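Just so you know, all these numbers are worked out from the coordinates, no wet-lab data involved. Source: prediction; values computed, not measured. Neighbour counts are summed over all protein chains in view; Cβ atoms, including those assigned to glycine, are modelled from backbone coordinates with ideal geometry.
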Amino acid sequence: MNPVFQYRGGMLFCEDVELQSVAEREGTPCYVYSAAGIRNAYLQYAEGLAGIPHHICYAVKANGNLGVLRHLATLGAGFDIVSGGELYRVLQAGGDPAKVVFSGVGKTREEVEYALEQGIHSFNCESEGEIALISALARRLNKTAAIAIRVNPDVDASTHPYISTGLKEHKFGIDIAEVAAVYETAAALPGLSVQGVSCHIGSQLLDPAPVLEAAQRLLGLIDTLRANGINITDLDLGGGLGVPYQPHESAPDVPGFLARLKQLISGRNLTLFLEPGRSLVASSGALLSRVLYRKQSGQKHFIIVDASMTELIRPALYEAHHEILPLRESKLGTVVADVVGPVCESSDFLATGREVANVMPGDMIAAMTCGAYGFAMASNYNARLRPSEVLVDGATWKQVRRRETLEDLIRGEQNEQNGTA
C-alpha cells in the first residue's frame with residue numbers, strides 16, 4: 001500500500017484526510033486520489049533521468065481526470081494520448097500540446113487533423129497506411145508532422161496476455177525485421193519528419209528486464225537506420241512498469257531501471273521518451289464503497305457493497321487483485337468472503353474467497369491501488385451512475401468530478417414524447 005494511505009487511531013487516512021469523512025460527505029462509490037503520491041511517483045522518474053535529454057509523457061488512458069492531468073502538467077509532464085478525446089482532455093487541463101505524443105493503432109483522419117492543428121510533438125505510427133495518411137494530411141494543412149515508427153521487437157513482456165503487446169502475433173507496431181524498409185519509404189514522403197523509433201511491449205511489468213532487452217534491440221536498429229542516412233534523434237520506450245497489487249509483490253526498482261537506461265543511451269545523441277501511466281497513479285488511488293448487506297449461502301459468505309464492476313472492472317476483466325480495507329479498523333476480526341456488487345452478472349465482484357475485515361452493513365471499505373484503469377474503464381451498465389472523484393492534497397480535498405445524475409444517463413438520447421433528452 002502506498003505510504004500516503006495509513007491507519008491513524010483506527011481510521012484510514014489519505015495523506016492528512018480521514019477517508020470516512022470523505023465517504024460520508026461525498027457519498028459512495030467514490031474515487032479518491034492522492035496528489036502527493038502522484039507527485040512523488042512523477043519526481044522519481046524526473047530525478048532518475050536528470051542529466052540526459054528526456055520527456056516523461058504520462059499515459060492519459062490510465063486516468064484522464066482533469067484534476068489529475070492538471071496536477072501532472074504543473075509538474076512538467078508531457079502526455080501520451082491514444083485518441084482525439086484524450087488530446088482534448090489534455091488541452092482542457094492546461095497541458096502543452098508540444099509535449100504530446102499520439103500513440104495508438106487506429107488513428108482516424110479527424111484525430112490526425114486535430115492533432116496537427118493543435119501542434120503536438122509527434123505521432124507514434126503503427127502501419128504504412130497510417131504513415132501515408134499523416135503525410136497527406138500534413139501536406140494539405142501545410143505542416144510538417146514529426147513521426148516515430150512503433151517497432152514490434154518480439155520481446156515477451158511476461159505479463160497478462162491481454163496487456164502484452166510486444167510479440168509478433170500482436171496487432172501493435174511493425175516487425176523489427178521488416179521495419180527498416182518502412183523507414184526508407186517514410187523518409188521519402190512529403191510532410192513528414194522521421195525522427196523516432198518507439199515501442200511498448202506491455203503493461204504491469206514488475207521486472208523491467210524485458211524493457212531493457214527491447215531498448216537494446218531498438219538501439220541496434222537506430223544504428224542501422226543512421227548508417228542508411230535516416231537521422232533518428234528520439235528513442236521512445238513507452239511505459240509498462242507495474243505496481244504491487246498484492247502484499248507479497250515487490251515494486252519495480254524504478255531508480256535502478258532508469259540508471260540502466262541512462263547507461264544504454266549515453267553518448268548516442270538521443271532524446272529518451274518514457275510514457276508511464278499506471279506507475280504514476282495506480283497506487284495513489286482508492287475506491288470507497290459502503291457495505292449494503294451480508295449474505296450467507298451454505299458455507300459461503302458474501303459482502304454486498306454499493307461499488308461494482310461498472311466502477312472497477314479490473315477484477316472481472318483481468319482477475320485482478322485489489323486489497324480490500326475497512327475505513328474503520330474492525331473489532332470483529334476477519335471473514336473469508338466474496339466482496340460483490342449490485343450488478344446482475346456473476347462476474348460482478350471486487351474480491352472472491354478473500355480474507356477481509358468482518359465488516360457489517362453501513363460500514364465503509366476501500367478497494368486499494370485503483371488510481372489507474374479504475375474510473376477510466378467505468379461504464380453505465382445497468383444504468384448505474386458513474387461515481388464522483390476526489391483529489392486529496394495534504395489536509396484538504398476537493399471534488400474533481402461530480403457524481404453523475406439520472407439526467408446524465410439519457411443526455412443525447414431521443415425520446416418520442418419529449419424530443420431530444
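Miscellaneous remarks
- Overall dimensions of segment 35-281, expressed as equivalent-ellipsoid semi-axes from the Cα gyration tensor (√(5λ), whole Å, largest first), are 26, 22, 17.
- Between 0 and 90°, nearest 10: helix 35-48 axis offset from the chain longest Cα axis: 30
- Sequence-distant residues sharing a close amide H with Val400 (under 5 Å, placed H): Glu389, Val390, Leu391
- Based on DSSP H segments of at least four residues, each scored -39500 (n - 2.57), the chain has a per-residue ellipticity at 222 nm of -8000 deg cm²/dmol.
- C-alpha long axis of helix 209-227 to longest principal axis of the chain, angle in °: 20
- Label point distance in nm, Arg8-Thr144, each placed 7 Å from Cα along Cα→Cβ: 5.4
- Sparse-neighbour loop sites [chymotrypsin sites (Phe, Trp or Tyr not before Pro); segment 288-331; at most 14 other C-beta within 10 Å; DSSP]: none
- Stokes-Einstein D (µm²/s) once Rh is taken as the Kirkwood radius of segment 12-151 over alpha-carbon pairs, at 25 °C in 0.890 mPa s: 147
- Here the spin labels are modelled as points 7 Å beyond Cα on the Cα-Cβ line, and at Leu206 and Ala383 they lie 4.3 nm apart.
- Restricting attention to the chain, close to 50% of DSSP beta bridges with both partner residues there are antiparallel.
- Residue of Gly298, Gly129, Gly285 that the Gaussian network model of the chain assigns the largest fluctuation, springs spanning Cα pairs under 10 Å: Gly298
- Our note on the geometry: Cα centres of segment 272-298 and segment 304-350, 10 Å apart.
- Principal axis dimensions, largest first and in whole angstrom, of segment 194-306 by Cα: 71, 27, 24
- Projected area, mean over directions - the chain, Cα convex hull, nm²: 22.9
- Dipole magnitude of segment 35-281 about its Cα centre (Cβ charges: Lys, Arg +1; Asp, Glu -1), debye to nearest 20: 560
- Model label sites at Arg226 and Thr334, defined 7 Å from Cα along the beta-carbon direction, differ in position by 5.4 nm.
- Cα-based shape type of segment 281-344, given that a ≥ b ≥ c are square roots of the gyration tensor eigenvalues and the cut on a/c is 1.5: oblate
- Residue separation of Arg402 and Thr352 scaled by 0.36 nm, minus their Cα-Cα distance, works out to 15.0 nm of gained length.
- Between the Cα long axis of helix 128-140 and the first principal axis of the chain there is an angle of about 80°, rounded to the nearest 10.
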